[in-house]
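First the structure, in the form of structure tokens, and then the observations on it.
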Amino acid sequence: MRTNSTYLLFAALLFSIGLSGQKLVVLGTLQDAGSPQLLCEKECCAHPKPNDYVSCLGVIDSTRALLFDATPDIVPQLSELLNRSGTDRFSIFLTHAHVGHYTGLMHLGREAANTRKVPVYAMPRMLEFLAKNGPWNQLLKLQNIVLNGLENGVPRTLDNGVKVEPVLVPHRDEYSETVGYYIKGPNKTALYIPDIDKWTEWEENILGLVPTVDYAFIDGTFFADGEIPRPMSEVPHPFVSESIALLKHLPEADRKKVYFIHLNHSNPAREANFEGRKAAEALGFHFAEFGLEVDL
Ligand SMILES: [Zn+2]
Ligand SMILES: [Zn+2]
Ligand SMILES: [Zn+2]
């Protein structure tokens with residue numbers, strides 16, 4: 001008996017070490033339109049940086065990598081993810097049908113990589129949008145991708161042991177609903193919400209959620225009101241300044257879990273020496289950086 005239980009314990013230990021090799025990687029940090037943004041002649045887009053891509057996370061896994069959103073920058077992003085994973089197998093999870101989050105699927109089609117049955121996971125309206133509209137429905141017809149439906153609040157356990165759970169968020173849902181994702185590895189859980197209108201419009205409480213996860217990659221589109229020369233109520237997001245005012249009440253250990261992502265080209269916090277960014281970092285908050293890896 002003792003030998004058996006010792007063996008089982010040892011096997012369980014080896015198994016958990018194997019699974020804990022998975023990591024989450026930041027593959028992009030910008031709002032849908034990236035930077036330099038078309039026709040922007042301002043300082044924010046005057047000095048393009050290397051690896052400055054649209055908001056995207058990946059799960060590094062040697063059996064099957066996971067990509068969260070198919071952005072217009074999918075070519076370098078997926079290549080980086082597969083190189084770090086050491087595999088050419090991958091699945092894609094989509095948050096919603098705004099241009100920065102799904103149009104990268106075009107690179108899977110006949111004019112491009114012509115992939116074979118890449119699993120794409122999304123919510124019902126998002127799947128319907130892909131199935132009913134060209135050119136996306138051609139990806140289905142040619143079986144470049146296969147669709148997998150998700151349900152709000154229901155975790156999906158993948159072959160590699162990672163659990164992915166969508167959570168509906170309020171957003172401008174012209175073509176699809178919008179979700180964030182919980183990404184649960186064997187040891188750690190990340191929350192990814194690149195787009196949400198305002199925290200106050202969400203039935204969940206972000207202040208209560210951050211302590212329950214290990215990392216929170218959240219909407220940092222705009223730093224403060226007045227940042228772009230049009231009514232900002234047309235494109236609502238929680239300003240970084242508002243999120244900080246809310247989340248600064250958390251203990252430091254929880255504030256350190258927060259990474260702002262999905263920054264608009266105009267967001268001054270893209271610059272490391274911006275005073276508002278330095279003040280946020282002094283409180284423990286982070287701004288996501290391309291290439292950052294954290295354990296899952
Ligand atoms: Zn977006
Ligand atoms: Zn710009
Ligand atoms: Zn959006």
Requested in this report: Search the stretch 145-163 for residues that are under 20 Å from residue 60 (Cα atoms) and at pLDDT 95 or above and pair each with any residue that is among the acidic types (Asp, Glu) and part of a loop (DSSP other than H, G, I, E, B) when their beta-carbon atoms are under 8 Å apart and the residues are at least 6 apart or on different chains.
Outcome: 162/61
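A quick yes/no check of all residues on (1) at pLDDT 95 or above; (2) of a type in the set (Lys, Arg); (3) within 15 Å of ligand 3 (Cβ to nearest atom):
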site	(1), (2), (3)
183	yes, no, no
194	yes, no, yes
200	yes, no, no
212	yes, no, no
226	no, no, no
Query raised in the report: Is one or more of the residues making up the stretch 209-217 under 17 Å from residue 95 (Cβ atoms), within 16 Å of ligand 2 (Cβ to nearest atom) and not β-branched (Val, Ile, Thr)?
Result: no
Query raised in the report: Of all helices (runs of 4 or more DSSP H) completely enclosed by the stretch 212-293, which ones contain at least 2 residues that are farther than 21 Å from residue 200 by Cβ?
Result: 252-255, 275-282
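Identify all residues within the stretch 176-211 that are in a helix (DSSP H, G or I) and within 18 Å of residue 155 (Cβ to Cβ); write none if there are none. Spell out how you get there, then give the answer.
Of all residues in the stretch 176-211, those in a helix (DSSP H, G or I) come to 199-201, 206-211.
If the condition is that a residue be in a helix (DSSP H, G or I) and within 18 Å of residue 155 (Cβ to Cβ), then 209 is the only one that fits.
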Query raised in the report: Where residues in the stretch 24-43 are surrounded by fewer than 18 Cβ atoms within 10 Å (Cβ to Cβ) and either touching a residue at least 12 places away in the same chain (Cβ under 8 Å) or within 16 Å of ligand 3 (Cβ to nearest atom) (or both), which of them is nearest to residue 164 (Cα to Cα)?
Result: 33
Query raised in the report: When you scan the stretch 22-53, how many residues do you find that are among the hydrophobic types (A, V, I, L, M, F, W, C), within 16 Å of ligand 1 (Cβ to nearest atom) and closer than 30 Å to residue 87 by Cβ?
Result: 3
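The rows are residues; the columns are (1) surrounded by 13 or more Cβ atoms within 10 Å (Cβ to Cβ); (2) closer than 19 Å to residue 192 by Cα; (3) within 16 Å of ligand 1 (Cβ to nearest atom).
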{"residue": "98", "(1), (2), (3)": "yes, yes, yes"}
{"residue": "108", "(1), (2), (3)": "yes, no, no"}
{"residue": "114", "(1), (2), (3)": "no, no, no"}
{"residue": "118", "(1), (2), (3)": "yes, no, no"}
{"residue": "122", "(1), (2), (3)": "yes, yes, yes"}
{"residue": "128", "(1), (2), (3)": "yes, no, no"}
{"residue": "133", "(1), (2), (3)": "no, no, no"}
{"residue": "136", "(1), (2), (3)": "yes, no, no"}
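The values are calculated or read from the model by the stated rules, or taken from the named source; none is laboratory data. None of the values given here were measured: they were computed from a predicted structure. Note: ideal-geometry Cβ built from the backbone for every residue, glycine included; neighbour counts use all protein chains shown.
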